[in-house]
Amino acid sequence: MVDTVPGGHGGGRGHGGGRGRDRGYGLRAGRDVEVRAAGGGFAVGTAEHVTLYAAPRQPATLPHQVGVVPAPAQSFQTRPESAELRAPGPCHVLTGLGGVGKTQLAAAHAHRAWDARELDVLVWVTATGRPAVVASYAQAAAELCGADPAEPEQAAAAFLAWLRAKPHRWLVVLDDVADPADLRGLWPPDSPAGRTLVTTRRRDAALTGTGRRRIDVGPFTPDEASAYLAGVLAAHGRTEPAGELASLAAELGRLPLALSQAAAYLADQALGAAAYRALLADRTRTLAHALPAPDALPDDQRVPVAAAWSLSAELADTCEPRGLARSLLALTAMLDPNGIPADVLTAPATRAFLARKGRGRLLRGRTRRVTAGQVHETLRLLHRLSLVDHTPEEPQRALHVHALVQRTTRDALTPRRFAACLRAAADALAEAWPENERDIALAAALRANAAALIALGEPTGCLYERSGAHMVLFRYGMSLEDALQAAEAEEFYRALTEATTRHLGRDHWCTLVARQLGAQARGRAGDAAGAAVAYEELLEDRTRVLGRNDYSTLATKLDLAEWRGESGDGEGAVAAYTELLHDTRRVHGPDHHNTLSARLGLARWRGESGDPEGAVAAFTGLLPDVVRVFGPDDRRTLALRHILARWRGRAGDVEGAVAAFTELLSDVVRVLGPDHRNAFVLREDLAKSLGRAGDTEAALAAYAALVDDMTRVLGADHPDTRAVLAKAAAWREGQAPG
């Protein structure tokens, strides 16, 4: 039996009939208290709200239910976890991010078992703190075995003893356990007939162990999410296109709590899914502006999505290492929710950012030292609280953060704090990005994180300062090219040029560099003539801004000469390189990069103009100088060796080309990795040379192995994969490709 009264009163009359003995309890807001009352009743609550319990005169008859099981949510979805809950075992622990539907799964399981008459006793406990658990146990003891709840701890012990002694079929649900320590000494016993079900956001080892099976609950699947939205809207007489519902579900991270509140907002505001998605995408609005007000939440929900994780974040910040959790969560809110590399999380920039801030304020005007170990401890803390998923065994994508956790975290930041977090995340990305992208999976993860960060930073201009655009912008574009995504790189550099022009000016060096890289990507995407035109326009502006002898101006002349040749003007390329070689020797000297590049270009286009033997001789003479200046493992040295091997084959020395390609492949794999784009291009050249040398069997084997690896890395539908597959087919059919 239960009654409620406002807190702060001297006592209250419970159903047992007695008046409280102690007046003026001195309740303090936010503090759980236990208050004894006469007549066999007792009270538990806070200063705002006190719950009075009273014991019946005799034990209840069975079957009997204690506590209120939440009603099923509208359009409740049966999920795989429902079947897992029916699996044998004394205790199941449902754990996961707040809002994934743990309570609803538990309630559905309890309702099903009760309605099927599988239970003699059902006890539902809202286990938000130890006093609440003790109070619920004491009430159960009063109702089931006539215990006196005037001594709640003793009554709770009596209830646990009753569960252990009686052969009844019982289910105890401990919903929303906030701290494993709250259950110390209060776990229901293992019983052949009894079952315990726990829901919690925590993933501490203390919650699992012998007889306790953990079930991780995640968001809905795409089909579940779409079906849920369609069902809720149908109940309000609404229909939306299936594609729009699927897109909306994806943008909300398929989180059940968010989906239910979004559907309620759609119904209340008579808003279409497309218009609602536009509202969500509006970065000037917080998530709270796109969800129902607290008094309009569906399914008896207590908190809006925007506040669902605030208590967990506050708790994390008070745990050791103190003051790091919320800052780290804020930094990760700037990155890709689908996986952040471990090296980014422990980068010097990340640790410096955490050191400067503690719980959102300066630490006595000075910094502190934050170690990589402390970052790891903080990540594990956030993981235990289900605010993130930390998988250190997968370093390329070691941290996953739900997109709505990121959104609500960003919404709570001031503009100044947002900018600081964004720049720190950009610094960490740049520091973690390797010079040579040997690990293809890591490179893909870094690009995904950079894309997420750039999308957030562009509207605010946080990645642009007077000194220039942030380095991570250029690193992202170069990585796209390394991944053979030239068209995507061209599109990105076009957008970057517009952004640098807007933020920094048309003649700023960053704008000119973005134009240069964009022209290069345009050529690599197949538009050689367009690249040549872009370089001509860039050369005019660089000469005007920097002068004709500046390094960047001469570098632009180099690129222009190359793309003139690629566009079909071989004689023009030879003339341009000849003039340029004279200028670079005069301005920079014989060993400068531009001088060596001019020698390389001149040799190539002489060969393309009909003198392959002269090209081989020129490349052979250039190689020792490049090795001396840059070193044997420099990418420029490896590139020159690749070019020389190609020209040996074109000059008729096919066996020499095979030997050169074979030797070079070993060095490229060692330096750049087996899945690097240069390794793939080199392997294709080797396969072609093997075929031209008459070893068709070896050529086909090389092509087959190359197709397998390119399919694994790039995908079967990538243009380069398809091109190599076509060449392999041509060799198989006896038609040597060009």
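Derivation of every value follows stated rules applied to the coordinates shown; laboratory data play no part. Keep in mind that what you see is a predicted model, and the values were worked out from it rather than measured. Cβ atoms come from the backbone with ideal geometry, glycine included; neighbour counts cover every protein chain shown.
Taken about its Cα centre, segment 55-216 carries a charge dipole of about 380 debye when Lys and Arg each add +1 at the Cβ and Asp and Glu each add -1 at the Cβ. Give the shape of the chain as rounded, prolate or oblate, defined through the alpha-carbon gyration tensor: a ≥ b ≥ c are the square roots of its eigenvalues, a/c under 1.5 means rounded, and otherwise the shape is prolate if a/b is larger than b/c and oblate if not. Because a/c hits 1.5 or more and a/b exceeds b/c, the chain counts as prolate. Karplus-derived 3J(HN,Hα) values for segment 428-437, using 6.51 cos²θ - 1.76 cosθ + 1.60 with θ = phi - 60°, are 5, 4, 4, 5, 7, 6, x, 5, 10, 7 Hz; glycine and proline are entered as x. Ellipticity at 222 nm from helices only: DSSP H runs of n ≥ 4 in the chain, each -39500 (n - 2.57), divided by the residue count, give -17500 deg cm²/dmol. Between residue 659 and residue 681, the simple spin-label model (points 7 angstrom out along Cα→Cβ) gives 2.5 nm. Under the simplified labelling scheme, the residue 205-residue 151 pair shows an inter-label distance of 3.7 nm, with each label point 7 Å from Cα along Cα→Cβ. Think of the chain as a dipole: +1 on every Lys or Arg Cβ, -1 on every Asp or Glu Cβ, centred on the Cα centre; then among 206, 588, 85, 206 lies furthest on the positive end.
Under 13 Å from the 7 Å Cα→Cβ point of residue 269, by amide nitrogen: which residues of segment 284-308? Only 284-293 fall inside the zone, counting backbone N under 13 Å. Extension gain for residue 633-residue 289 works out to 118.3 nm (0.36 nm per residue, less the C-alpha to C-alpha distance).
Lys and Arg at +1, Asp and Glu at -1: add these up for the other residues within a Cβ distance under 13 Å of residue 158 and post the number. Its environment carries a net charge of -2.
Coupling constants for segment 640-648 follow from the phi torsions by the Karplus curve (6.51 cos²θ - 1.76 cosθ + 1.60, θ = phi - 60°), and in residue order they are 5, 4, 5, 4, 4, 4, 4, 6, 4 Hz; glycine and proline get x. From the Cα gyration tensor of segment 55-216, with a ≥ b ≥ c the square roots of its eigenvalues, which class applies: rounded if a/c is under 1.5, or else prolate if a/b is larger than b/c, or else oblate? In terms of gyration-tensor shape, prolate.
Under 5 Å from the amide H of residue 66 lie the amide H atoms of 122, 123, 124, each residue being 5 or more positions distant or on a separate chain, with H modelled from the backbone and absent for Pro and chain starts. For a straight C-alpha distance cut-off of 13 angstrom, the aspartates and glutamates reachable from residue 688 (same-chain residues fewer than eight places away being disregarded) are 655, 697. If you sort the three axes of the alpha carbon gyration tensor as a ≥ b ≥ c, you get a/c under 1.5 for segment 222-306, which makes it rounded.
With a Förster radius of 41 Å applied to the beta-carbon distance between residue 693 and residue 586, the computed FRET efficiency rounds to 0.40.
Other residues within the sphere of radius under 13 Å centred on the Cβ of residue 630, judged by their own Cβ, net out at 0 (K and R +1, D and E -1). In order along segment 462-477, the phi-based Karplus estimate (6.51 cos²θ - 1.76 cosθ + 1.60, θ = phi - 60°) of 3J(HN,Hα) comes to 5, 8, 10, 10, 4, 5, x, 7, 5, 4, 4, 5, 6, 5, 5, x Hz; Gly and Pro are listed as x. The angle between the Cα long axis of helix 696-714 and the main principal axis of the chain comes to about 40°, on a 0 to 90 degree scale.
Take every pair of alpha-carbon atoms less than 8 Å apart whose residues are at least six positions apart; their mean separation over the length of segment 275-352 yields a relative contact order of 14 percent.
Look at the alpha carbon pairs under 8 Å that are at least 6 residues apart: their mean separation over the length of the chain gives a relative contact order of 7 percent. Amide H contacts of residue 94 (H built 1.01 Å from N, in plane; Pro and chain starts excluded): 198, 199, 200, 215 sit under 5 Å, all sequence-distant by 5 or more or on other chains. Given R₀ = 35 Å, what would the calculated FRET efficiency be for residue 391 paired with residue 356, taking r from the Cβ atoms and rounding to 0.05? Step by step, r from the Cβ atoms, then E = 0.80. Axis of helix 654-672 versus longest Cα principal axis of the chain: the two differ by about 30°, to the nearest ten degrees.
Net charge in the neighbourhood of residue 223 (other residues with Cβ under 13 Å of its Cβ; Lys, Arg +1, Asp, Glu -1) is +1. Farthest toward the positive end of the dipole of segment 45-174, out of 138, 68, 149, is the Cα of 68, where the dipole comes from beta carbon charges about the Cα centre. Considering only beta bridges that DSSP places wholly inside the chain, some 50 percent are antiparallel.
Just going by the charge dipole of the chain, with Lys and Arg at +1 and Asp and Glu at -1 on Cβ, which of 262, 109, 161 is farthest out on the positive end? It is 161, whose Cα lies furthest towards the positive end. Treating r as the C-beta distance of residue 537 and residue 414 and R0 as 35 Å, the FRET efficiency rounds to 0.25.
Compared with the dominant principal axis of the Cα atoms in the chain, helix 719-732 is inclined by about 60°. Taking 0.36 nm per residue of separation and subtracting the current Cα-Cα distance, fully stretching the chain between residue 451 and residue 322 would add 43.3 nm.
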